[in-house]
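Undergrad: Dropping the structure in here first, questions after.
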2 protein chains.
Amino acid sequence: LSASLAELTRNAVHVLPEGELERKLELGRPLRVKLGIDVTAPDITLGNGIPLQRMRAFQDGGHIGVLIVGDYTARIGDPSGASAERPIIAPEEIDRMAARFFESAYTIIDPERTEVRYNGEWLGKVDFAEVLRLTRAVTVARLLERDDFAKRFAAHQAISVSELLYPLMQAYDSVAVEADVELGGTDQLYNLLTGRDVMEAYGLEPQVVLTTPLIASWDGTKMSGSKGNYIALVEDPDEQFGKTMRLPDEMLPDYYRLVMEQNPPTGDPLEAKLALARFIVARAHGAGAAAAAEEHFTRVVREHQAPDQVPEAPLPPGDPIHVPALLVEHFGLGSTSEARRLIGQGGVKVDGEALTDLDVPRATLAGALVQAGKRRFIRFSRA
Amino acid sequence: LSASLAELTRNAVHVLPEGELERKLELGRPLRVKLGIDVTAPDITLGNGIPLQRMRAFQDGGHIGVLIVGDYTARIGDPSGASAERPIIAPEEIDRMAARFFESAYTIIDPERTEVRYNGEWLGKVDFAEVLRLTRAVTVARLLERDDFAKRFAAHQAISVSELLYPLMQAYDSVAVEADVELGGTDQLYNLLTGRDVMEAYGLEPQVVLTTPLIASWDGTKMSGSKGNYIALVEDPDEQFGKTMRLPDEMLPDYYRLVMEQNPPTGDPLEAKLALARFIVARAHGAGAAAAAEEHFTRVVREHQAPDQVPEAPLPPGDPIHVPALLVEHFGLGSTSEARRLIGQGGVKVDGEALTDLDVPRATLAGALVQAGKRRFIRFSRA
């Protein structure tokens, strides 16, 4: 067991209570480092990677990562909605989503030192008496301290009693796996502290709470799988590369610190951003994929050139040709009005020249390279 | 089905929502009129009788009384205490306490039109998913509206989350028995209204809420089985009669209205109080017992005379005799200092004369009738 405290707590916002992690590290046994994962999230983001990076640091120090799959919650649906019927997620679908999570997570953590647990294993056995025992451990006021609850309560917005039970389920997970440390984003602070209260009520030594920063996306708000403003831990290399290059320069120091765990860059921001993009793609797909993605980015996006492999398509009959219909048919646009809008914005180019008319002589399009948006190209036949 | 609305709602404080009871009565089927009972209460009081009187009125109108025995709660213990171990009440003890409740309740309600249900029947089957479904129906703010919670929350006193679940268990009982009406004291108003919310969330027609007044005891506070300031529905006739006669005159109108369901008395308060005491004993034990209790009361308490059957006891040796020791030995007083206090208050009489000395000549006590307090008499031997 060897790990520097500085490495384990790098970038951490809270390590609570003070001195307790040091004490647990001195126990001389592998610590159980818990992270709960939301299998219902539409995707796994760079932001989700930040606590996983801490789990990896613990694993490198000889400790055990414990991933909790919230299958019980997923199976019964999220009761925060007011509708009477809950969306039930089938077990196979939960397995599929969990597998996707692991694929992403294992680009960061060590599968050999990871224990995966499904919380249905213990939550499925909880009866009303056990819920009462569990809920006795925590006061209403304590749960309402949580930022989001506090704001809603103050604003007289409805908080259903069931919502108070969610942090308690998470806390009960800590009891079940006997967590020594729980990791989470700073937005999880109160949930993680609740885990301490509940573990104590169950006669266990409470876990250490270690929170990591949230990371902002290019739109300045928290990167979130459900908001769509994210770079996924694992997705198409060109997408990862391109999205990373869209980050504003002023965000580079945060990304260097939180994602690369390096000092902020000092030289040319463009070069720094390319290095970040290379890091992200290489972590997910390897160095070869990173080089290819960079090449693609440089050619297509940065130099506004066509990619080397352009699909070909036959020109439809008629002269002149109505370009909006052509775009719907060959470029996958949703409607001719969407196509007209794109043309109006100068987003459609024929051999590099922005198109201004909707109807174009057949001769202009025959054999031409047509570009719609930044990255979609088709070369039309000469016939 | 025949019952006047005035009779069903006599003395009611709330009948909610307005017009709903009338509507349900017009359905032309027997209504299910629920009352939850606390089998852990040390005794069943006249106050507990008030909602039972309403249940009787419904039964006389052809409806069904549904008594809910909270065996589930009793079996798992009350989690409001902070101690880790809950007092578990054995099933036989719960049965014994429930039987005692029925003995009292059946002096008022009609056993032939009463359905008894134990809530362990359904609460024992509730899993975590069902708790979440149940708790989704109610907001935290709604539960905190309850007087006692509101005060404690405002005073920053701890309210455990488990305490919020108790009203929801009671509400779930209403779902399980498909209550049309729930009865309760005014202190149950919010719990009963919560039952409406939960029934609605479960797709049932919400119950009508009918609350009855609490009744004050001779000390001016709510009559309560756990405070000891009560007249029990069923207890020793002489006790019932004597306690009733201790009520202050100004409470008579309330007792006439709530217990006897009669207009306030107009004549001599003593006669009015005797009629009340007769009513209470006769309801519990029959008219004969009421007459005997009155005779006992009149002779012993009112006329300060000895009862006709006075036990005899030998005088201890010595002269003079130390009366405090005598009182401890023969009158069951706890200590000689308690005995001295009683003598000091003029509470010990020898042949009707209040004793002032602690040591009394043997001749004074030989063959004398000694009275300690209001009702304890012993005649000492002449030897």
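Undergrad: Scan A:Arg283, A:Arg379 and give me the residue that is in contact with a strand residue (DSSP E or B) (Cβ under 9 Å, 6 or more places away or on another chain) and surrounded by 14 or more Cβ atoms within 10 Å (Cβ to Cβ).
TA: Checking each option against the conditions leaves just A:Arg379.
Undergrad: Next up: Whether any residue in the range B:345-358 is in a helix (DSSP H, G or I), surrounded by fewer than 18 Cβ atoms within 10 Å (Cβ to Cβ), in contact (Cβ under 8 Å) with a residue 12 or more places away in the chain and aliphatic (A, V, I, L, M) is what I want to check.
TA: No: zero hits.
Undergrad: Consider B:Arg152 carefully, then state whether it is assigned to a helix (DSSP H, G or I), out of contact with any Phe, Trp or Tyr (no Cβ under 9 Å at 6 or more places or on another chain), farther than 29 Å from A:Trp122 by Cβ and within 12 Å of chain A (Cβ to nearest Cβ).
TA: For B:Arg152, the condition - assigned to a helix (DSSP H, G or I), out of contact with any Phe, Trp or Tyr (no Cβ under 9 Å at 6 or more places or on another chain), farther than 29 Å from A:Trp122 by Cβ and within 12 Å of chain A (Cβ to nearest Cβ) - is met.
Undergrad: Hey, among the residues in the range B:28-56 that are more than 20 Å from the chain's Cα centre (by Cα) and modelled with pLDDT of 95 or more, which one's farthest from B:Phe279 (Cα to Cα)?
TA: Filtering first and then ranking leaves B:Arg29.
Undergrad: Which one of the conditions (1) over 26 Å from B:Glu250 (Cβ atoms); (2) in contact (Cβ under 8 Å) with a residue 60 or more places away in the chain; (3) not hydroxyl-bearing (Ser, Thr, Tyr) does B:Gly185 fail to meet, given that it meets all the rest?
TA: Among (1) over 26 Å from B:Glu250 (Cβ atoms); (2) in contact (Cβ under 8 Å) with a residue 60 or more places away in the chain; (3) not hydroxyl-bearing (Ser, Thr, Tyr), the lone unmet condition for B:Gly185 is (1).
Undergrad: Ok, one more. Looking only at residues in the range A:223-243 that are under 24 Å from A:Met55 (Cα atoms) and not in a loop (DSSP other than H, G, I, E, B), which one is farthest from the chain's Cα centre (by Cα)?
TA: That would be A:Gln240.
Undergrad: Select from the range A:8-36 the residues that are touching an Asp or Glu at 6+ places or on another chain (Cβ under 8 Å) and not small (Gly, Ala, Ser) and write down the one among them that is surrounded by the most Cβ atoms within 10 Å (Cβ to Cβ).
TA: Here the residue is A:Val33.
Undergrad: Does the range B:111-126 contain any residue that is under 24 Å from A:Thr139 (Cβ atoms), touching a strand residue (DSSP E or B) at 6+ places or on another chain (Cβ under 7 Å) and buried (at least 19 other Cβ atoms within 10 Å of the Cβ)?
TA: Checked against the condition, which is being under 24 Å from A:Thr139 (Cβ atoms), touching a strand residue (DSSP E or B) at 6+ places or on another chain (Cβ under 7 Å) and buried (at least 19 other Cβ atoms within 10 Å of the Cβ), the range B:111-126 yields at least one hit.
Undergrad: May I pose another question? Quick one: which of A:Glu200, A:Glu182, A:Glu205 is surrounded by fewer than 21 Cβ atoms within 10 Å (Cβ to Cβ) and more than 14 Å from chain B (Cβ to nearest Cβ)?
TA: Exactly one residue qualifies, and that residue is A:Glu205.
Undergrad: May I pose another question? Just for the range B:185-222: of the residues that are of a type in the set (Gly, Ala, Ser) and either closer than 22 Å to B:Leu52 by Cβ or within 24 Å of the chain's Cα centre (by Cα) (or both), which one is modelled with the lowest pLDDT?
TA: Ranking the candidates gives B:Gly220 first.
Undergrad: Determine, yes or no, whether B:Ala363 is surrounded by 13 or more Cβ atoms within 10 Å (Cβ to Cβ), at pLDDT below 90 and closer than 18 Å to B:His322 by Cβ.
TA: no
Undergrad: Looking only at the range B:155-167, which residues are facing another protein chain (nearest Cβ under 7 Å) and either in contact with a Leu (Cβ under 6 Å, 6 or more places away or on another chain) or buried (at least 17 other Cβ atoms within 10 Å of the Cβ) (or both)?
TA: Scanning the range B:155-167 gives B:Ile159, B:Ser160, B:Val161, B:Ser162, B:Leu164, B:Leu165.
Per-residue answers, yes or no, for (1) under 30 Å from A:Pro167 (Cα atoms); (2) in contact with a helix residue (DSSP H, G or I) (Cβ under 6 Å, 6 or more places away or on another chain); (3) aromatic (Phe, Trp, Tyr):
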{"position": "A:Gly203", "(1), (2), (3)": "yes, no, no"}
{"position": "A:Thr211", "(1), (2), (3)": "yes, yes, no"}
{"position": "A:Glu235", "(1), (2), (3)": "no, no, no"}
{"position": "A:Phe241", "(1), (2), (3)": "no, yes, yes"}
{"position": "A:Ala291", "(1), (2), (3)": "no, no, no"}
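Undergrad: Let me ask another. Can you pull out the residues in the range B:273-288 that are within 20 Å of the chain's Cα centre (by Cα) and farther than 19 Å from B:Leu247 by Cα?
TA: Selection gives B:His285, B:Gly286.
Undergrad: Within the range B:18-78, considering only helices (runs of 4 or more DSSP H) that don't extend past its boundaries, which have at least 2 residues that are closer than 25 Å to A:Val131 by Cβ?
TA: Helices (runs of 4 or more DSSP H) meeting the threshold: B:71-76.
The values are calculated or read from the model by the stated rules, or taken from the named source; none is laboratory data. Every value quoted in this text rests on a predicted model; they were computed, and no experiment measured them. A quick note on method: Cβ atoms are made from the backbone with ideal geometry, for glycine too, and the neighbour counts reach across all protein chains shown.
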